[in-house]
Each structure stands twice: as structure tokens, then as C-alpha cells.
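Written out below as C-alpha cells is the structure these notes cover.
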Amino acid sequence: MKIYTKTGDAGETSLAGGSRVPKDDVRVAAYGDVDEANAAIGSARATPPADLANPLLAEVQRDLFAIGGALASRDPAALRAEQRAKLGVTAERIRALERAIDDAERDLAPLRQFVLPAGAPKAAALHLARTVCRRAERSTVRLAHEQPVAPEILAYLNRLSDLLFVLARLANLRAGQPDVMW
């Protein structure tokens, strides 16, 4: 199978299930922004030190892939059972993010000011991933205004940006660099 199909040359793409939409469709924007957030997290994972939350972020990347799959389907019920089983996220995955946030915050000083997205390279990469995640969340909210989106997806993206923020602060702490305050 070749990587190029030429089916998108006129500005349309296929959703999961086969329906065609313009590439600037709100659904395509949402799952595209989730894909970009996934890539930004991959870049943050590759930024030393690699051991900072690496297993957690690997799970997050899998979750984001599943979220992208759910967003790429207008009617998940119409998909094959094995496809449906891989889509979306559960309330337990949201709780896992909350536990990770709580664990990371135990080591951090309470905030009294806004933090600028800077510091150690790992922190800066996590801050960038956080802002990309917020864009994915905004795109998904926009989609949810027009079409059904599982509430767990919206909650997950919201919690994920919080996690990336505290991990960025933790990266600065472990690098011996203070957060850059505004």
C-alpha cells in the first residue's frame, strides 16, 4: 500500500466510516489539533531528561490517538466492534491524569504568580505541548457545539493541559531552575 492515495488532492478527506468532508471541516480541525498535541508531547518526551514522566506521557499519547480516532468518526456506533473498542477515553483515564497532577504538585511550591512558559528545555517543551493541547481543546469544544462529542474527551483534554503545566514546573524544579514568573 502506498502512503499517498491522491483522494485528498481536491481538498477533501475521509472520516472513519468512509464519509467525505472538506479538509477544513470542524471535525477534521479537532482531530488534527489533537494529532498536533500528540506530536508536541512526543517532542517533549524526546527532550532530555527522558525519564521525567515518560511512561505517563506514553500513555497520554495512546489516549490522544484514541481520542483522535473518536473525533474522526461521525458515527462511532457504525464502526466495527474492534474499531469502537479503541476509541475515546474513560472516566478512569481522567482520574489517572488527576492523580498524576496531584503527585507532581506535592513537590511544587504553591503558585502566587503567573508562570511564563520558559525555563529548562524540558519545561519549555512541556509548556509548548500544553498550549497545543489547549488549542485542541478549543477545537473540540467548537465541534461539540455543532455535533455530539463524548464529555470524557472534553474533560480529558482540559485535565491534560493542567498535567502538562505541572510537569513543566516539575521539570524546572528537577533541573534546578526556578519557574519564570510574570
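Worth a mention:
- Residues in segment 123-165 that are closer than 18 Å to A91 by Cα, touching a residue at least 60 places away in the same chain (Cβ under 8 Å) and surrounded by fewer than 22 Cβ atoms within 10 Å (Cβ to Cβ): V149, A150, E152, A155, R159, D162.
Matching residues to (1) within 20 Å of the chain's Cα centre (by Cα); (2) of a type in the set (A, V, I, L, M, F, W, C); (3) modelled with pLDDT of 95 or more:
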| site | (1), (2), (3) |
| --- | --- |
| D75 | no, no, no |
| A100 | yes, yes, yes |
| A120 | no, yes, yes |
| A125 | yes, yes, yes |
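- Note on segment 166-179: among residues that are touching a Gly at 6+ places or on another chain (Cβ under 8 Å) and of a type outside the set (D, E), the one that is surrounded by the fewest Cβ atoms within 10 Å (Cβ to Cβ) is P178.
- Selected residue (criterion: surrounded by the most Cβ atoms within 10 Å (Cβ to Cβ)) from residues of segment 20-41 that are in contact with an Asp or Glu (Cβ under 7 Å, 6 or more places away or on another chain) and without any contact (Cβ under 8 Å) to a residue 24 or more places away in the chain: V21
- Members of segment 103-122 found to be assigned to a helix (DSSP H, G or I) and touching a residue at least 40 places away in the same chain (Cβ under 8 Å), listed by number: A104, E105, P121, K122
- Only one of the listed residues (P55, P48) is more than 19 Å from R159 (Cβ to Cβ) and at pLDDT 95 or above. That residue is P48.
- Test: residue in segment 42-52 that is under 16 Å from T131 (Cα atoms) and touching a residue at least 24 places away in the same chain (Cβ under 8 Å): yes
- Of all residues assigned to segment 2-19, none qualifies as being in a loop (DSSP other than H, G, I, E, B), of a type in the set (K, R) and surrounded by 12 or more Cβ atoms within 10 Å (Cβ to Cβ).
The values are calculated or read from the model by the stated rules, or taken from the named source; none is laboratory data. Since this is a predicted model, take the numbers as computed values, not measurements. Positions of Cβ are generated from backbone atoms using ideal geometry, with glycine treated the same way; all protein chains shown enter the neighbour counts.
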